[in-house]
Amino acid sequence: MNIKDPMQDDSNNSSSAISRRHFLKSSTIAASAAGTGFLAGCARNKKAVAVAAAVTAPAVVNAQAKQPINAVIIGLGGRGSGAGRDFTEAAKAAGVEGKIVGVADIFPEAARKAAETFGVPADKTFSGFDAYQKVLALPGVNYAILATPPGFRASHFKAAIEAGKNVFMEKPVAVDGPGCRIMYEAAELSKQKGLKVAAGTQRRHQAGYQETIKRIKDGAIGDIVTLRAYWVNGGPIWHRGDHGETEMERQIRNWYHYIWLCGDHICEQHVHNIDVCNWIVGDHPVKAWGMGARQQLNGKSGEIWDNFAIEYEYANGVRLYSYCGQIKREWSSVSEGVQGTKGSADPSSRIQPKGGEMWRYRKQDKDISPYVQEHIDLINAITNNTELNEAKQVTDSTLTAIMGREAAYSGAGVDWDTVLNSTFAYGPELLYKDPASMQWGPSRVLQPPMPSEHNIFKNPPMAPAAKA
Ligand SMILES: NC(=O)c1ccc[n+]([C@@H]2O[C@H](COP(=O)([O-])OP(=O)(O)OC[C@H]3O[C@@H](n4cnc5c(N)ncnc54)[C@H](O)[C@@H]3O)[C@@H](O)[C@H]2O)c1
């Protein structure tokens, strides 16, 4: 299960020594940057869902007493294990005792391997569909790392928040409208409970992006006119083959290729670049048009496409041109670009004013990996009880990706409210209500979407299943 996907490990920052002084300084910057984006996004969410659930006390750690942070990991493939190591390094840097106290994976072999890596005893190592519930119920847990395939994220996040845990969760956080609505509700509840939440959109914790985007927001390139986002790989994504006794097992083992588990490439990976654009604009788009295809996956099992081109429109009229693909090609780029009235920028590190001198972010020795920094920022927010909650902003970016995907799948223009309120669920009913009760057995397979034949917003929805 633990196949490392180099194409998903997209940060080009290397980890270097972390001083406690830098930890405190950079944590403050990141927390305030995240807070700005979050509040800006909040202003637009007319659909905010009222949460009536009982509010329990947040798992806040007292900074003076330096109480330990007891973390559990749910989903222990490449990223879950990586996030466990990043958390451990971040806790050390923060001078806080941080420990992985429990692990949960749907497959026992992955859970056991991680237990060995992190020194977790057998009675705190869980597997099965309900493993997440068991690990969240361990005593003293105050930090949950969620790193399963995205389809499970919304329900697992809801469970973690209801259990009063601070959360680090990988992106994307849903694959469809029903999943995003669970996320928005749980995000609201997490705020009410004072819980801290960080998302695996690590560019928000990367010094070069933070500094450059601050300058863009301060007017370095004037008013923004257009943005461009690429996740254009020069090769195909992994395909793990069809292993397992039931269709459900075959799909979960090869999850990237099923929309209900992965959300397709635009959602699964390109969400990073879309998130950067939403961060810059301080909003999410309201409409999308697009196209795409399944060009180089023929003959392989699965439902997804391997390339998309989407045009997004924000409420203020700004356009975002988004391209992603996972097909063999000579040219590739994972990047973003911004055009303003007074210049242009690569938001990771460069600003070119019209007729002026280029400004560049120079990487510094003290810069640390954003994969570690995101945990430092979360630990810092917990220990100091400062604001850090990225649940809504990462859901906005996830829904942006879903809106573009459905525009391309259907061949029709799609607006925000339609996708947010859509009732078609890609996953089985229990995924949204009670994933702990799911079972190994049959699972629906869709035909790879074909524009004009696939439109989940029609009544009844058009999403033909593959012939058995
Ligand atoms: N931020 C980043 O740069 C980055 C990089 C890589 C992956 N990711 C994200 O991390 C997530 C996981 O990706 P990965 O590469 O680690 O995949 P992976 O296949 O290596 O690992 C997923 C793990 O989750 C387990 N799992 C599946 N369903 C589960 C369930 N219901 N309960 C518990 N465990 C379950 C699997 O058995 C597997 O061990 C994805 O959302 C991906 O987008 C983010």
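The values are calculated or read from the model by the stated rules, or taken from the named source; none is laboratory data. All figures in this text were calculated on a predicted structure; none of them were measured in a lab. Neighbour counts run over all protein chains shown; Cβ positions are idealised from the backbone, glycine included.
Worth pointing out:
- Candidate set: segment 65-89, residues that are in a helix (DSSP H, G or I) and polar (S, T, N, Q); chosen: the one nearest to the ligand (Cβ to nearest atom): SER81
- Total residues in segment 238-256, condition buried (at least 20 other Cβ atoms within 10 Å of the Cβ) and of a type in the set (A, V, I, L, M): 1
- Filter result for ALA199 (within 17 Å of the chain's Cα centre (by Cα), within 11 Å of the ligand (Cβ to nearest atom), surrounded by 24 or more Cβ atoms within 10 Å (Cβ to Cβ) and not assigned by TED's automatic domain parsing to the domain that holds GLN352): yes
Yes/no matrix, rows are residues, columns are (1) basic (Lys, Arg); (2) assigned to a loop (DSSP other than H, G, I, E, B); (3) without any contact (Cβ under 8 Å) to a residue 24 or more places away in the chain; (4) within 22 Å of VAL225 (Cα to Cα):
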residue: VAL276; (1), (2), (3), (4): no, no, no, yes
residue: TRP279; (1), (2), (3), (4): no, no, no, yes
residue: ASP283; (1), (2), (3), (4): no, yes, no, yes
residue: TRP289; (1), (2), (3), (4): no, no, no, yes
residue: GLU311; (1), (2), (3), (4): no, no, yes, yes
residue: TRP331; (1), (2), (3), (4): no, yes, no, no
residue: VAL338; (1), (2), (3), (4): no, no, no, yes
residue: SER344; (1), (2), (3), (4): no, no, no, yes
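- Residues in segment 242-287 that are under 22 Å from LEU446 (Cα atoms) and of a type in the set (Lys, Arg): 2 in all.
- All positions within segment 294-313 that are touching a strand residue (DSSP E or B) at 6+ places or on another chain (Cβ under 6 Å), of a type in the set (A, V, I, L, M, F, W, C) and under 22 Å from GLN251 (Cβ atoms): TRP305, PHE308
- One residue alone among THR386, THR398 is at pLDDT 95 or above, more than 17 Å from ILE216 (Cα to Cα), polar (S, T, N, Q) and assigned to a loop (DSSP other than H, G, I, E, B), and that residue is THR386.
- Close contacts from segment 429-451, counting a first residue that is within 25 Å of LYS158 (Cβ to Cβ) and assigned to a loop (DSSP other than H, G, I, E, B) and a second that is of a type in the set (Asp, Glu) and within 12 Å of the ligand (Cβ to nearest atom), with Cβ to Cβ under 6 Å and a gap of 6+ residues or different chains, come to TRP440/GLU249.
- Only one entry in TYR132, TYR143 is more than 11 Å from the ligand (Cβ to nearest atom), buried (at least 20 other Cβ atoms within 10 Å of the Cβ) and within 22 Å of the chain's Cα centre (by Cα), namely TYR143.
- For beta carbons closer than 9 Å, sequence separation of 6+ or different chains, a first residue in segment 224-239 that is within 30 Å of LYS342 (Cα to Cα) and at pLDDT 95 or above and a second that is assigned to a strand (DSSP E or B) and of a type in the set (Lys, Arg), the qualifying pairs are VAL225/ARG319; THR226/ARG319; LEU227/ARG319.
- Within segment 232-269, tally of residues that are within 11 Å of the ligand (Cβ to nearest atom) and in contact with a strand residue (DSSP E or B) (Cβ under 8 Å, 6 or more places away or on another chain): 3
- Annotation note: of GLY290, GLY302, the sole residue that is at pLDDT 95 or above, under 19 Å from PRO451 (Cα atoms), buried (at least 17 other Cβ atoms within 10 Å of the Cβ) and more than 16 Å from the ligand (Cβ to nearest atom) is GLY290.
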